[in-house]
Amino acid sequence: MPSDKVETKRKWVIIQEGDDAPYIEQVDGEPVATMFADWGMIDDETKSVIMEDARLIAAAPEMYEALRNLLAEYVGILDSGDCGSIGSEADSFAIAARSVLAQIEGEDHAE
């Protein structure tokens, strides 16, 4: 089992005060993103979609951490030989996860 688990130092939360547009900040109060400037000018359906996006963005650091840790465990299992001979380099799920992580980390990742 890998012992190098990734733990993000950031936790993001959604803040919405009254009728103002929601924004995302780190738990220490540092701003991350404002979701929409003219909140009062959009309909409820659009507001709902924006809040769904805000929840996804706010969860990004934890999703990143989870994907890194799951990939490390999965690769360990694949490369142990207990799952046959495919190995992690040829496994489509491992390739897809590495590609997503490369995008997040700003690396150019060609498949």
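The values are calculated or read from the model by the stated rules, or taken from the named source; none is laboratory data. Values in this document were obtained by computation on a predicted structure and should not be read as measured data. Neighbour counts are summed over all protein chains in view; Cβ atoms, including those assigned to glycine, are modelled from backbone coordinates with ideal geometry.
For segment 64-85, state whether one or more residues are within 19 Å of residue 105 (Cα to Cα) and in contact with a Phe, Trp or Tyr (Cβ under 8 Å, 6 or more places away or on another chain).
Within segment 64-85 (the criterion being within 19 Å of residue 105 (Cα to Cα) and in contact with a Phe, Trp or Tyr (Cβ under 8 Å, 6 or more places away or on another chain)), the answer is no, since none of the residues qualifies.
Here's the yes/no breakdown for (1) surrounded by 15 or more Cβ atoms within 10 Å (Cβ to Cβ); (2) out of contact with any Asp or Glu (no Cβ under 8 Å at 6 or more places or on another chain); (3) assigned by TED's automatic domain parsing to the domain that holds residue 34:
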{"position": "54", "(1), (2), (3)": "yes, yes, yes"}
{"position": "67", "(1), (2), (3)": "yes, yes, no"}
{"position": "72", "(1), (2), (3)": "yes, no, no"}
{"position": "79", "(1), (2), (3)": "yes, yes, no"}
{"position": "83", "(1), (2), (3)": "no, yes, no"}
{"position": "86", "(1), (2), (3)": "no, yes, no"}
{"position": "90", "(1), (2), (3)": "no, yes, no"}
{"position": "94", "(1), (2), (3)": "yes, yes, no"}
{"position": "97", "(1), (2), (3)": "yes, yes, no"}
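Name every residue in segment 32-54 that is over 17 Å from residue 17 (Cβ atoms) and under 21 Å from the mean Cα position of the chain (by Cα), in order of residue number.
48, 49, 52, 53
Cβ contacts < 8 Å: first residue without any contact (Cβ under 8 Å) to a residue 60 or more places away in the chain and farther than 21 Å from residue 64 by Cβ, restricted to segment 9-38; second residue surrounded by fewer than 16 Cβ atoms within 10 Å (Cβ to Cβ) and of a type in the set (Gly, Ala, Ser), any location; separation 6+ or different chain. Result?
Pairs that qualify, where the first residue is without any contact (Cβ under 8 Å) to a residue 60 or more places away in the chain and farther than 21 Å from residue 64 by Cβ and the partner is surrounded by fewer than 16 Cβ atoms within 10 Å (Cβ to Cβ) and of a type in the set (Gly, Ala, Ser), are 19/40; 21/37.
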